[in-house]
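Peer 1: Below are the structure tokens for one structure; questions will follow.
The values are calculated or read from the model by the stated rules, or taken from the named source; none is laboratory data. From a predicted model like this one, the values you see are computed outputs, not experimental measurements. FYI the Cβ positions are ideal-geometry reconstructions off the backbone, even for glycines, and counts take in every protein chain you see. The protein model used for the area step is the full one, side chains on, heavy atoms only, and it has no ligands, DNA or RNA in it. Shrake-Rupley method; radii C 1.70, N 1.55, O 1.52, S 1.80 Å.
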Amino acid sequence: MLMTIKGFESRYEEIMRDPSLRQREIRLGELMTEMEGVFKIPALKNTTWEKENPRVIELYRKVSESRNL
């Protein structure tokens, strides 16, 4: 079953509650990889794709920035 953006947002919130920094890092990386596959996030910056998928790219960047905190 493909996960919706809402499902990814919920998973992100749940991951951020994980008290283990190391586990959080691993899980955030996995979440990003999964998002890349489901939403076909381009490897290089693509402003057209980003304009068409603002909620996806916003969450993806939020997940990325949450790593190594």
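Peer 1: So which residues in the stretch 17-39 are closer than 27 Å to residue 52 by Cα and either aliphatic (A, V, I, L, M) or open to solvent by less than 80 Å² (accessible area, probe 1.4 Å) (or both), if there are any at all?
Peer 2: Selection gives 27, 28, 29, 31, 32, 34, 35, 36, 37, 38, 39.
Peer 1: Looking at the stretch 1-16, which of its residues are without any contact (Cβ under 8 Å) to a residue 12 or more places away in the chain and either assigned to a loop (DSSP other than H, G, I, E, B) or within 15 Å of residue 61 (Cβ to Cβ) (or both)?
Peer 2: 1, 4
Peer 1: OK, next. Can you name every residue in the stretch 40-66 that is among the aliphatic types (A, V, I, L, M) and open to solvent by 90 Å² or more (accessible area, probe 1.4 Å)?
Peer 2: Answer for the stretch 40-66, where residues must be among the aliphatic types (A, V, I, L, M) and open to solvent by 90 Å² or more (accessible area, probe 1.4 Å): 43, 44.
Peer 1: Still on this structure: Working only within the stretch 46-69, note down all residues that are of a type in the set (A, V, I, L, M) and under 14 Å from residue 35 (Cα atoms).
Peer 2: Correct list: 56, 57, 59, 63.
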